[in-house]
């Protein structure tokens, strides 16, 4: 269910050349974020669903993990236009968000 929708303009997508150095950097950031942030639901943390924000307390849910990974990659020079967030559902029907990196090899 969409509670609030904001119109956005489409932006061109960039593609990253996925070199071994880039892949190493991607894995390092993914591992760092996954191991340092404790996953808790927005309902537990804020008393409401679907709060999209960068982690500051060390506790967040899946879309916040994706936002932080995106921020860290952009800080390291990755093009923001190659980093998007996909939202879907898990096999158990739970909503889930992940960071998607568009590369010359695919996503």
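For the range 64-79, give me each residue that is touching a residue at least 40 places away in the same chain (Cβ under 8 Å) and either touching a helix residue (DSSP H, G or I) at 6+ places or on another chain (Cβ under 6 Å) or surrounded by 13 or more Cβ atoms within 10 Å (Cβ to Cβ) (or both).
Once the filter is applied, which keeps residues that are touching a residue at least 40 places away in the same chain (Cβ under 8 Å) and either touching a helix residue (DSSP H, G or I) at 6+ places or on another chain (Cβ under 6 Å) or surrounded by 13 or more Cβ atoms within 10 Å (Cβ to Cβ) (or both), the range 64-79 yields 69, 72, 73, 78, 79.
Search the range 80-107 for residues being surrounded by 13 or more Cβ atoms within 10 Å (Cβ to Cβ), farther than 18 Å from residue 44 by Cα and in contact (Cβ under 8 Å) with a residue 24 or more places away in the chain, and hand back the single one that is farthest from the chain's Cα centre (by Cα).
103
Can you pull out every residue in the range 71-100 that is in contact with a strand residue (DSSP E or B) (Cβ under 9 Å, 6 or more places away or on another chain), closer than 16 Å to residue 31 by Cα and at pLDDT 95 or above?
73
The values are calculated or read from the model by the stated rules, or taken from the named source; none is laboratory data. What you are looking at is a predicted structure, and each value in this text was computed from that prediction instead of being measured. Quick reminder, even Gly has a Cβ in these numbers, built from the backbone with ideal geometry, and neighbours come from all protein chains shown.
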